[in-house]
Amino acid sequence: MNRWARFDNLVGRQVNKTFGEPILIVPRKSVPKRGAVADPDREPRTIVGVVSISSGDQPIEGSRRGTEITGFTTLATSQARVWLSAVEAGKLGFHPLKDDAVSLPDRPGVSYSIVRVDPSDIGDITLHLVLESQQ
């Protein structure tokens, strides 16, 4: 392991220690006419990741004529992401996939689904999530 990889692992561990929380990833696969079901080939795992949930709003602009503005509609948005360090991603034993379920044990009653997986060239992974249910 080169010096950069050792440094990255050290920083990743410190970030997880400071900001991390448990993340339960339940692998699922997509089945036609049934949607996402449990994937028997990959075991659920709990690892540590950094969760980022932010809210915002997005204006929806309809058709305009010149400078005439007929009205504004605003759509409330929320972004949820989980960052996994290279060390934690390696502990999974599999690559997270679109439609896998993600829950946060420290925040019960909320579950997410992965909509996009962004791996980097240094081994860390960002999971983009969509809210599935809230109780």
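Here r is the Cβ-Cβ distance between Arg6 and Ser52 and R0 is 30 Å; the resulting FRET efficiency, rounded to 0.05, is 0.70. List the lysines whose alpha-carbon lies under 20 Å from that of Lys33, not counting same-chain residues fewer than 8 positions away? Filter leaves Lys98. The charge dipole of the chain, taken about the Cα centre with unit charges on the Cβ atoms of Lys, Arg (+1) and Asp, Glu (-1), comes to about 200 debye, rounded to the nearest 20.
Per-residue 3J(HN,Hα) values for the range 88-103, derived from phi via the Karplus relation 6.51 cos²θ - 1.76 cosθ + 1.60 with θ = phi - 60°, read 5, 4, x, 6, 4, x, 7, 8, x, 10, 4, 5, 4, 8, 10, 10 Hz in sequence order (x marks Gly and Pro). Size descriptors for the chain, from the alpha-carbon set: Rg then Dmax equal 18.7, 62 Å. The stretch between Glu21 and Ser120 holds 33.5 nm of extra length on full extension. This uses 0.36 nm per residue minus the Cα-Cα distance. Summarising the amide proton neighbourhood of Asp124: residues at separation of 5 or more, or on other chains, whose placed amide H is nearer than 5 Å comprise Ala86. Paramagnetic label reach from Ser78 (point 7 Å along Cα→Cβ; backbone nitrogen cut-off under 14 Å): within the range 43-61, residues 52-57.
Between Gln58, Leu24, Trp83, the Cα set farthest toward the positive side of the dipole of the chain (charges on each charged residue's Cβ, about the Cα centre) is that of Leu24.
Counting Lys and Arg as +1 and Asp and Glu as -1, what is the net charge of the other residues whose Cβ lies under 10 Å from the Cβ of Gly20? The partial results should precede the final answer.
Values: positive: Arg13, Lys17; negative: Glu21, Glu88.
Charge balance near Gly20 sits at 0.
Of all lysines in the structure, the ones whose alpha carbon falls short of 20 Å from that of Lys91, not counting any fewer than 8 places away in one chain, are Lys17.
We did not get these values from a lab; they are worked out from the coordinates using the rules stated. Source: prediction; values computed, not measured. All Cβ positions, glycine included, derive from the backbone under ideal geometry; neighbour counts span all protein chains shown.
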